[in-house]
Amino acid sequence: MAGTRPPATKTSRSTMHLTPMEVPKASDVLADDLRERILEGDFEEGTALPTERELVAQTQMSRTTVREALRILEVQGLVRIKAGRGGGAFVQRPGKDSVASSVNLLIRGQQVRLAALLETREAIEPYCAKLAARNRTDADLARLDAANEAIADGEGSLADFLQANVDWHVAVATASHNELLTGLMTALSTAIYAATENEAFVDDEVRRTTVRAHRSITAAIKGQDPDGAVRRMTRHVHSYAEAVLEVEERTEIPVPGNG
């Protein structure tokens, strides 16, 4: 019919709010490619990656981009950068230190509550003790004994006591021979004991209780008694958590990095 307009075209709401596609940075693309090749075993641990000049020639990327990609891999713990003659980017496999570093960043970046740290430790450390009782070596037992001696030193400062405490808990995790658990416990123990560097909490009675608990757990690990190790560690970390949270309510113990 004359004068009749064609139906209006309906514009989709989604097409009205299109955002440009994000194009990844060239350095991220190169870092991703090299990371996959390292993890898939194309480069053996300890061997050098192609030099900066070679990577520039191979990828047609700028030297600045190549350096940025290598720096990303270094931060991720996948390469070790050596300067000077005979230097370069040398491949290394991520280990427990990489796990600990990542978890520590998460704890501080997300401002994880002390209560959450203690809950996490209660969830995983008894199992670390169980594995330690099954898998411990003479070297593991020597580390536990050394930490116990340091913890029992009545002349040591608060900082010495807390460091020895960290050393003992990490030694238990190390004796589990599970790299992931060891990395997690390294980060958790460091954060928890840094937060409890407080004379109002770590008094003489807490020290004596800690010495007794650690020796009891160590004895179960030495005796290859997994059930005993789980039971004693569960009791220890739960009692410690209750005591810390009771003090936190009165003194507002902060997690380092949280303000």
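The values are calculated or read from the model by the stated rules, or taken from the named source; none is laboratory data. From a predicted model like this one, the values you see are computed outputs, not experimental measurements. FYI the Cβ positions are ideal-geometry reconstructions off the backbone, even for glycines, and counts take in every protein chain you see. Please note that ligands, DNA and RNA were not included when accessible areas were found on the heavy atoms of the full protein model with its side chains. Shrake-Rupley method; radii C 1.70, N 1.55, O 1.52, S 1.80 Å.
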## Note on the structure
Among PRO226, GLY109, ALA89, the residue whose Cα sits farthest towards the positive end of the charge dipole of the chain (+1 at Cβ of Lys and Arg, -1 at Cβ of Asp and Glu, taken about the Cα centre) is ALA89
### Task
Project the alpha carbons of segment 39-134 onto their principal axes and report the range along each, largest first, in whole Å.
52, 34, 25
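What's the extension gain from VAL23 to GLU155 if we count 0.36 nm per residue and subtract their Cα-Cα distance? All intermediate terms of the calculation are to be shown ahead of the outcome.
Details: separation 132, 0.36 × 132 = 47.52 nm, distance 5.95 nm.
Full extension of this stretch gives 41.6 nm more.
Please work out the FRET efficiency for the pair LEU39 and HIS177, using the Cβ-Cβ distance as r and a Förster radius of 25 Å; give the result to the nearest 0.05.
Details: r = 22 Å, r/R0 = 0.87.
Plugging the Cβ-Cβ distance into 1/(1 + (r/R0)^6) gives 0.70.
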### Message
Given a Förster distance of 25 Å, report the FRET efficiency between SER102 and ILE81 from their Cβ-Cβ distance, rounded to the nearest 0.05.
### Response
0.85
### Query
Can you give the accessible area per residue of the chain, in Å², using a 1.4 Å probe?
59 Å²
### Query
So what's the gap between the Cα centers of segment 55-83 and segment 167-201, to the nearest angstrom?
33 Å
### Message
Helix-only mean residue ellipticity at 222 nm, the chain, DSSP H runs n ≥ 4 weighted -39,500 (n - 2.57), per residue, nearest 500. What is it?
### Response
-21500 deg cm²/dmol
#### Entry: Inverse mean reciprocal Cα-Cα distance (Kirkwood Rh) of segment 161-222, Å
12.3 Å
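Ignoring ligands, DNA and RNA, what percent of the 1.4 Å accessible area of the chain is carbon and sulfur?
On the way: 7850 of 15350 Å².
With neighbouring chains kept in place, the figure for the chain is 51 percent.
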### Message
Below 8 Å, C-alpha to C-alpha, sequence gap of six or more: please give me the relative contact order for the chain in percent.
### Response
20 percent
### Query
From the backbone phi of segment 142-158, what are the Karplus-calculated ³J(HN,Hα) couplings (6.51 cos²θ - 1.76 cosθ + 1.60, θ = phi - 60°) in whole Hz, Gly and Pro given as x?
5, 5, 5, 5, 5, 5, 4, 5, 5, 5, 7, 5, x, 8, x, 6, 4
### Task
Set the Förster radius R0 to 25 Å, insert the Cβ-Cβ distance between GLN111 and GLU246 as r into 1/(1 + (r/R0)^6), and round the FRET efficiency to 0.05.
0.70
#### Entry: Potential extension, GLU122-ASP203 segment - 0.36 nm per residue separation minus Cα distance
26.9 nm
### For the chain, Kirkwood radius (reciprocal of mean inverse C-alpha pair distance, Å)
22.0 Å
### Message
Shape verdict for segment 121-196, please, from the Cα gyration tensor: rounded (a/c under 1.5), prolate (a/b greater than b/c) or oblate.
### Response
oblate
